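Colleague: Okay, handing you the structure first.
What follows draws every value from the coordinates through simple rules; no lab data is involved. The structure displayed is predicted, hence computed values, not measured ones. Every residue, glycine as well, gets a Cβ built from its backbone with ideal geometry; the counts of neighbours run over all protein chains shown.
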Amino acid sequence: MSSNNNISVALDVVRKTYENIDLFIDYCKTLCKENDDIDYFLLSEKYLREISTTTVVGTLVKGLVLLFQKKSAPAWRDGNEQQEVCLRNGKIYSLFIDLYEFNKYPSDHPVIYLTRYKYDDMARFPDTFGLRDYFRFVSPIRPHNGVKLTFTDDKDSIYSGEPYDNTFSDNNWYGFRKLVGFHIPLVDVKKDNVKDLIFGGFDKLEEMAT
């Protein structure tokens, strides 16, 4: 196979991967809206992403974050129906699709991290999310950052943590106080198991949390 063909095949794989992720995200949104037995809603219609235009590689989407809260949680602020971020007074559940840096952490393949964040003051959250908010939900689950992370199984797929410095958390991560989560291989997620793996996974985080 020529170099030109190699490049074309590689780019086609990337394109199809992004297309499949788009379908997955849209399906998650549909499940939330159309299933009364799913007690989660999308906190913002926009997904958070890491992207940079300073290099060619940087233009690739390396990771995506979707944020959810429970429908049954009480509303946090008046008039939130008019806000882009319809915040509830409760925990935030993060779905992080890691397409790039997975090989630096406890996995050797693209993964989905499901994490539950607990906060003591929701007033720190904005009305809208921006690009920098991607890191506010990804950095805390990276072992090299300012969070005391504990891995509780042999595969390092289950983790919990809390910030070393609450003031730093207040200034950089909207003041989360505890997190718990686990990761699953991206390739394990199929249309017929999204409900169980993702939203059932969020339910499991409630059982795992202390």
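Colleague: I need the calculated FRET efficiency for the pair Met208 and Ala75, taking r as the beta carbon distance and R₀ as 25 Å, to the nearest 0.05.
Modeller: 0.40
Colleague: If each residue's Cβ is checked for other Cβ atoms within 10 Å, how do Val194, Val13, Val138 rank with the fewest at the top?
Modeller: The order, fewest Cβ neighbours first, is Val13, Val194, Val138.
Colleague: Let's test the formula: R0 of 30 Å, r as the Cβ-Cβ distance of Glu19 and Thr167. What FRET efficiency results, to the nearest 0.05?
Modeller: The computed FRET efficiency comes out at 0.10.
Colleague: What ranking of Asp170, Asp36, Asp133, Asp188 emerges when the number of other C-beta atoms within 10 Å of each C-beta is taken as an exposure proxy, fewest first?
Modeller: Ordered by Cβ neighbours within 10 Å, fewest first: Asp36, Asp188, Asp170, Asp133.
Colleague: Mind sorting Leu186, Leu95, Leu60 by how few other Cβ atoms lie within 10 Å of their own Cβ, fewest first?
Modeller: Leu60, Leu186, Leu95
Colleague: Which pairs break 20 Å Cα to Cα here: Lys91/Lys204; Lys71/Lys91; Lys16/Lys70?
Modeller: Beyond 20 Å between Cα atoms: Lys16/Lys70.
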